[in-house]
1. Consider segment 155-206. How many of its residues are more than 29 Å from Leu93 (Cβ to Cβ) and either in the same structural domain as His70 (by TED's automatic domain parsing) or hydrophobic (A, V, I, L, M, F, W, C) (or both)?
2. Which number in (1) farther than 27 Å from Trp115 by Cβ; (2) touching a His at 6+ places or on another chain (Cβ under 6 Å) marks the one condition that Ile56 misses?
3. If Val155 meets every condition in (1) in a helix (DSSP H, G or I); (2) without any contact (Cβ under 8 Å) to a residue 12 or more places away in the chain; (3) surrounded by 14 or more Cβ atoms within 10 Å (Cβ to Cβ); (4) not basic (Lys, Arg) apart from one, which number is that one?
4. Tally the residues that are of a type in the set (A, V, I, L, M, F, W, C), in a loop (DSSP other than H, G, I, E, B) and within 14 Å of Arg152 (Cα to Cα), restricting the search to segment 167-206.
5. Identify the residue in segment 56-102 that is out of contact with any Lys or Arg (no Cβ under 8 Å at 6 or more places or on another chain) and small (Gly, Ala, Ser) and, among all such residues, is nearest to His169 (Cα to Cα).
6. Taking the residues in segment 99-123 that are modelled with pLDDT under 90 and of a type in the set (A, V, I, L, M, F, W, C) as candidates, determine which candidate is nearest to Thr48 (Cα to Cα).
Amino acid sequence: MQKKAELTEHKAVLAHLTSVQPNPGSKTKHTGQERDSLAVRLKAGDRTAADELVDIYYEQIYLFMRRLGHSTDVSEDLTQESFIRAWFHINQLRDGRALKGWLYRIAVNASKLYWRRHKGREIAGIEGIDVPDRNKTEGDIVELNEELEKLRNAVLRLPVKLRQVIALHYMQHLTIAEAAEAAGVREGTLKSRLNRALKALRKKVT
């Protein structure tokens, strides 16, 4: 009876999480104290906390998937999968203040598993590398877009580990500590990968 009850609860939570729609108006910045409070509520099984987690981080995780080279459909599936895994494994999070990096680590692992299962699958493209076009002429914008396209292609040609750290730190704007947590490496290793990635990019775009 207990196993049956647990299975019923599992299905109910799964249905709830997959039905949650992210709120575009939710705040994107989340302090360490707020993350700690949210993690406590998640561990207590508070489903409104699950809704908040989706509101705050859904767009970030989806864009991260796109920046790793996944298609829009695959990115949506992997993003949803990441939140489901986060809910069911929230008790593995030791420090609630590290919630952001921990959630990204789940996303990184979901992406790795996808590529492992779909070897040979072409990278769909990359989005999210852009700059403001204020005070730029039409000719400047055209030239800039050409340079950005070169940069996108260069990022996509990087080895997956280097592409990940570029996306985590420079595109998702995670701190070195958060990016290291997400990548599952020490901060020194992450910095080394960033340096290698930047050197490789300079060679590819010059």
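1. Looking only at that region, the number is 7.
2. Unmet condition: (1).
3. All conditions are met except number (2).
4. The initial filter retains those residues of segment 167-206 that are of a type in the set (A, V, I, L, M, F, W, C), namely 167-168, 171, 174, 176-177, 179-180, 182-183, 185, 190, 194, 197-198, 200-201, 205.
From what is left, the residues that are in a loop (DSSP other than H, G, I, E, B) are 174, 185.
Still in the running and within 14 Å of Arg152 (Cα to Cα): none.
Residues flagged as of a type in the set (A, V, I, L, M, F, W, C), in a loop (DSSP other than H, G, I, E, B) and within 14 Å of Arg152 (Cα to Cα) within segment 167-206 amount to 0.
5. Only one residue tops the list, namely Gly101.
6. Selected residue: Trp115.
The values are calculated or read from the model by the stated rules, or taken from the named source; none is laboratory data. Just so you know, these numbers come straight off a predicted model, no measurement behind them. Note: ideal-geometry Cβ built from the backbone for every residue, glycine included; neighbour counts use all protein chains shown.
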